[in-house]
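What follows is a short report on a single structure.
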Amino acid sequence: MLPVTPIQVQQPSALVREISERLSSAIREHLLAAFSPEQIKTLRMFSAPETAELLGVSGQFMRKLHGEGTLAEPKEVKAGRRYYSAQEILDARHILEKSSRLPGKYVPRRNRGDKLQIFQLMNFKGGSSKSTTAIHLAHYFALRGYRVLAIDLDPQGSLTSMCGISPELEFDGLTIYDAIGYDNQHPMRDVIIPTYFPGLSVAPARLALSEFENDSAVNTSQETPFFERLRSALKQIEDDYDLILIDSPPQLGFLTITGMATATSIIVPLTPSMLDVSSTAQFLELSAAYMDVIEQHGASLNYDYFKFLISRDEPTDIPSQQLTSFMRALFHDRVMSATALKSTAISDATLLKQSIYEVVRSEMTRATYDRAKSSMDAVGTEVEQMIKKVWGRI
């Protein structure tokens with residue numbers, strides 16, 4: 001009988017490390033092939049009707065402005081049709097604002113004394129559409145002339161990727177960790193990167209940000225406690241922005257808590273399923289406990305709004321609609337009126353690291369595109385109404 005060769009059992013740590021290295025290498029090669037370092041993400045052009053809608057004017061009025069020379073002709077004109085870049089739309093806003101009798105009609109920025117709006121999107125249930133909602137809100141507000149800063153507090157860097165930076169390729173720049181970390185801290189302004197999307201900047205993240213969790217657990221004697229570090233960093237640049245959007249990781253750790261201590265409003269994206277609702281209930285129970293603790297240690301938590309956003313909404317799905325009705329009956333106006341639809345248009349755009357605002361309508365089924373965009377417009381409009389109410393403009 002032949003001797004039996006013992007099976008070589010690989011240590012779990014070595015096995016996981018090997019899998020991680022192979023997967024990371026494959027992802028890196030794929031990204032380098034699909035998104036080479038020389039390939040910079042750009043934003044599409046906007047048709048004349050889209051531009052008029054964004055500016056809140058008629059097509060006839062746009063033609064009049066071009067005819068009299070108030071607005072210069074856009075650089076791209078095809079077959080007699082005008083196409084505008086986002087920067088040209090932003091420039092048009094400033095030109096129209098100068099002659100407007102209503103301050104803020106075309107450039108709706110905050111005035112001196114208006115409170116900087118900081119919205120955190122949080123939930124520790126993965127797949128609740130935190131990053132998707134954050135990037136859609138960022139693009140919605142940037143297209144309307146607001147100065148927007150997106151802060152990625154998720155070490156996975158999903159929001160960073162959507163802003164045109166691939167954390168998987170380990171870019172060389174600074175990240176939000178460099179501004180809120182405990183060693184070799186950098187000014188907040190140094191970590192902010194303007195994006196390809198005019199009006200939108202990002203404080204990016206990559207995997208090293210996860211070290212903030214460990215650092216905060218051991219650095220308990222710091223002059224600036226962990227929950228004050230982001231708020232302190234933002235004071236350096238708060239005059240530069242109208243709105244800050246924070247995307248937090250799908251867990252209730254030090255990163256999420258520091259976002260909670262910084263935010264002026266909270267939005268909790270919630271998928272209408274019993275599993276997600278139950279998970280969110282536990283998340284909020286833990287959140288309340290942590291809020292008590294940091295308030296006892298000097299944190300000041302004052303939220304203008306604490307809202308649920310129904311995400312991945314399926315109007316034809318009866319069980320999910322029942323849960324949505326249940327949440328509305330239970331919490332009334334704490335549940336946003338607008339919902340973020342579950343849509344193939346949004347899913348397809350996300351696969352390409354885009355929002356629905358970056359997609360050309362003709363590249364999709366128009367009805368599907370229109371429903372998805374109307375849904376995200378409604379969410380953005382409702383958040384905008386919240387902001388204007390805080391600023392006393394409603």
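Please find, within segment 95-123, the residue that is farthest from residue 196 (Cα to Cα) out of those that are open to solvent by 70 Å² or more (accessible area, probe 1.4 Å) and not polar (S, T, N, Q).
My answer is 101.
Scan segment 282-299 residue by residue and report those that are assigned to a loop (DSSP other than H, G, I, E, B) and open to solvent by 60 Å² or more (accessible area, probe 1.4 Å).
Hit for segment 282-299 is 297, nothing else.
Name the residue that is farthest from residue 144 (Cα to Cα), counting only residues in segment 168-220 that are open to solvent by 30 Å² or more (accessible area, probe 1.4 Å) and in contact with a His (Cβ under 8 Å, 6 or more places away or on another chain).
Per the stated criteria, the residue is 178.
With the condition kept exactly as written, say whether any residue in segment 158-167 is open to solvent by 30 Å² or more (accessible area, probe 1.4 Å), polar (S, T, N, Q), closer than 22 Å to residue 286 by Cα and modelled with pLDDT under 95.
no
Give just the number: which of (1) part of a loop (DSSP other than H, G, I, E, B); (2) hydrophobic (A, V, I, L, M, F, W, C); (3) modelled with pLDDT of 95 or more does residue 40 not satisfy?
It fails just one condition, (3).
Can you tell me which residue in segment 124-148 is most open to solvent (accessible area, probe 1.4 Å), limited to those that are under 18 Å from residue 265 (Cα atoms) and among the hydrophobic types (A, V, I, L, M, F, W, C)?
124
Restricting to segment 353-367, name every residue that is open to solvent by 40 Å² or more (accessible area, probe 1.4 Å) and in a helix (DSSP H, G or I).
Hits for segment 353-367 are 361, 362, 363, 366, 367.
Would you say residue 324 is in a helix (DSSP H, G or I) and farther than 18 Å from residue 153 by Cβ?
Taking the combined requirement at face value, the residue satisfies it.
Being part of a loop (DSSP other than H, G, I, E, B) and closer than 21 Å to residue 214 by Cβ is the requirement here; does residue 315 meet it?
Criteria not met by residue 315.
I'm trying to understand the selection: among the residues of segment 50-81, which are closer than 12 Å to residue 93 by Cα and among the polar types (S, T, N, Q)?
51, 70
For segment 257-274, what are the residues that are within 15 Å of the chain's Cα centre (by Cα) and farther than 15 Å from residue 134 by Cα?
none
Among the residues of segment 259-281, which ones are among the polar types (S, T, N, Q) and open to solvent by 40 Å² or more (accessible area, probe 1.4 Å)?
278
If we keep just the residues of segment 225-258 that are without any contact (Cβ under 8 Å) to a residue 60 or more places away in the chain and under 29 Å from residue 391 (Cβ atoms), which is surrounded by the most Cβ atoms within 10 Å (Cβ to Cβ)?
Looking at residues that are without any contact (Cβ under 8 Å) to a residue 60 or more places away in the chain and under 29 Å from residue 391 (Cβ atoms), I get 233.
The values are calculated or read from the model by the stated rules, or taken from the named source; none is laboratory data. Since the structure is predicted, the reported quantities are computational estimates derived from the model, not experimental observations. Ideal geometry is used to build each Cβ from the backbone, glycine not excepted, and the neighbour counts take in all protein chains shown. Side chains are part of the model used for accessible areas, which takes the heavy atoms of the whole protein and leaves out ligands, DNA and RNA. Shrake-Rupley method; radii C 1.70, N 1.55, O 1.52, S 1.80 Å.
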